[in-house]
Every structure is written in structure tokens, then in C-alpha cells.
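Worksheet: the structure to be examined is printed underneath.
Nothing in this text is a laboratory measurement; each read-out follows from the coordinates by a stated rule. Owing to the predicted nature of the structure, the values given are computational and were not obtained by experimental measurement. Here the Cβ is made from the backbone with ideal geometry for all residues, glycine too, and neighbour counts use every protein chain on show.
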Amino acid sequence: MQYAIVTGDSRGLGEAIAEQFLGKSIHVIGVSRHSNKELSKLAEKYDGNYTHVGCDLSDPSQLEKGIEQVVKQVTHNDTHFIYLVNNAGVIEPIETVGNFHLQDVSKHMMINVTAPMMFVNHLLKEANDHSITTAIINITSGAAERSVHGWSVYSSSKAAINRFTETTALEQEMADKEHKIIAYSPGVVDTDMQKEIRSSKESAFADLDKFKALKEEGQLNSPKTVAAVLMDLLNDYSSIESGKVYKLYDLIESKA
Ligand SMILES: NC(=O)c1ccc[n+]([C@@H]2O[C@H](COP(=O)([O-])OP(=O)(O)OC[C@H]3O[C@@H](n4cnc5c(N)ncnc54)[C@H](OP(=O)(O)O)[C@@H]3O)[C@@H](O)[C@H]2O)c1
């Protein structure tokens, strides 16, 4: 039996990724604050199953309980493979350095860094105890590798995820484990996160007009396309390089 744990499945990219796992008849466990009725309906249509675990990833006690509940549900004797997609993420605070509030930075780091790290930590331990192989996908951003005015918190959290991905892959390889862990950078995707970006103040985000133009010019990728490119990569499992940061545009180009 195979499972796919997808955080942030209630909307945006996470919803599209969950839909495509369900399309492959893989049991999806979604983790977010809000449930997703469309995914429940879709699970009925396909052979797969869908379970939602309500969890605010910014709350340490909810995070701990949520991880425990999810990992327990997927690590049993009939399981041979588990995908974990650490997709839930926030961009706020969009603000220049000197204007942050502790609570906002702390919440951001809990969702974007601590939660994915702890999901991977707990899953790998239990998967090894049960001889289950895993494929872990951490959703990152191009902002991890370049500085964007107003996005220092977001760039830092995504840079941390890239380094975490690489280090975990190194450790698994040195321990002779078959798990693969990658980061996936999805380009600009037409989701609520982009709406938030477009509604920020120009004083806090100098590229505001550029991002408004991307939407007006129809240059945002659909979540469905971005999820499909990830699925193609996962289908070619043996070619996946653990520890690598895969980029949507490179993957599209390599297929052209
Ligand atoms: N959109 C882009 O252009 C873009 C570009 C590069 C990378 N990314 C990355 O792609 C991933 C998905 O982003 P998206 O664009 O799909 O964003 P989105 O539409 O804003 O969706 C964010 C998801 O994260 C979940 N989430 C947010 N706060 C949470 C919390 N406290 N606890 C639990 N879940 C929480 C939300 O669920 P609930 O609200 O139900 O909790 C939602 O399902 C993120 O990691 C983002 O950094 C996006």
C-alpha cells in the first residue's frame, strides 16, 4: 500500500498535488487548517482514499499531535511506500528588515521550516522501523537562491529548506538508506499566495508592479501544470537525484 502525505492540501498547489496522487489511486492524507470537500469527492471517484488532518502548523502542540497522528496512520505492516510533500507555506511577513514583529517571523518559521523538518524527522524514524521506503518532496522557491526586496524572511526559510534537504539526503546516503529527498521549486504559480504578494505595500516590496504584470500578462503557471511536472518527475523515480533542488522550468525544458 502507498500513501501520500500532502501538507497545505486545502487550496493552491497542495490541492493540485493531492488531486494527482488520488488520480493514481494513492491514499492521500492532507494536513492543513481547513478541509477540502473537492478532494473528498474526488477520492470517491477514484480508487484512492482521502483523509484530512486538521492542524495549525504554526502551533507547536498541534504540530506535534498532527505529525504523530499522520505518521501513525501511514506506517503499518501493509505499507511499502510513502510520499511526503511538505507544501504548506506562507510568504508573510512581506516587509523590509527593521519593521518585523517577533510573532510574525516566529509563525513563518514554524510553518515554513520547523513543520517540514519535524515531519521528515518523525517519518524517517518510523519508516526505518517498519522497513518502508519514502520519497520526500520539500516545496521551495527561487527566492531561496536570490534576494528579493521585502522577502528576507521567506528567502531565508526557503534557503533553510534547501540546505535541510541536501543534508538529510547526505545522511540517508551515508546510512545506506533508500529514501529520496528533494526540493521542488515551482516557479510562479497562480494561487492565493500570489494574491497576497500583489496586495502588499510598495514600500515593503519594490517588485510589486512586476508581480502585478505577471498576472495581467497571464504568465503565472497553473497549480495543475506545476503538479503534473512533479508527478512526471516522480514517475521516473530511478532517475531522481536525492538532495537535488529541482526547478520547474529546467524540468519542462529537459522534456522539450
Ligand atoms: N504561489 C507561488 O508563486 C509559489 C512560488 C514558489 C513557491 N511556492 C510555494 O508553494 C507552496 C504552496 O503555496 P501556494 O502558492 O499553493 O500557497 P496558498 O495558495 O497560499 O496555500 C497555502 C497552503 O498552506 C496551508 N497553510 C498555510 N498556513 C498554514 C498553517 N498555519 N497550518 C497549516 N497549513 C497552513 C494552507 O492551508 P490552510 O489555510 O487551510 O491552513 C494552504 O493549503 C508553498 O510552500 C510556497 O512557498 C509558491
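Placing unit charges on each Cβ (+1 for Lys and Arg, -1 for Asp and Glu) gives the range 1-113 a dipole about its Cα centre, and among Ser106, Pro60, Gly23 the Cα reaching farthest toward its positive end belongs to Gly23.
Shape class for the range 150-222: prolate, because the ratio a/c of the largest to smallest gyration tensor axis (alpha-carbon atoms, square roots of eigenvalues) is 1.5 or more and a/b beats b/c. Close amide-amide hydrogen proximity is noted between Ala4 and His27, Val28, Ile29, Tyr83, each under 5 Å apart and 5 or more residues distant or on a separate chain (H modeled in the peptide plane; Pro and chain starts excluded). Against the main long axis of the alpha-carbon atoms of the chain, helix 12-23 sits at an angle near 20°. For the range 37-147, the Kirkwood estimate of the hydrodynamic radius, built from every pair of different alpha carbons, is 16.0 Å. Going from the residue with the fewest nearby Cβ atoms within 10 Å to the one with the most, Asp176, Asp250 rank Asp176, Asp250.
Considering only Ile161, Leu123, Thr134, the residue lying farthest towards the positive end of the dipole of the chain is Ile161, judged by Cα position with unit charges set on Cβ. The overall shape of the range 100-256, judged from the alpha-carbon gyration tensor, is oblate: a/c is not under 1.5, and a/b is no greater than b/c. Sorting Leu248, Leu13 by the number of Cβ atoms found within 10 Å of their own Cβ, with the fewest placed first, yields Leu248, Leu13.
Ranked by how many other Cβ atoms sit within 10 Å of their own Cβ, fewest first, the residues Asp56, Asp9 fall in the order Asp56, Asp9. Here the range 68-138 is treated with +1 on each Lys and Arg Cβ and -1 on each Asp and Glu Cβ, and its dipole about the Cα centre works out to around 80 debye.
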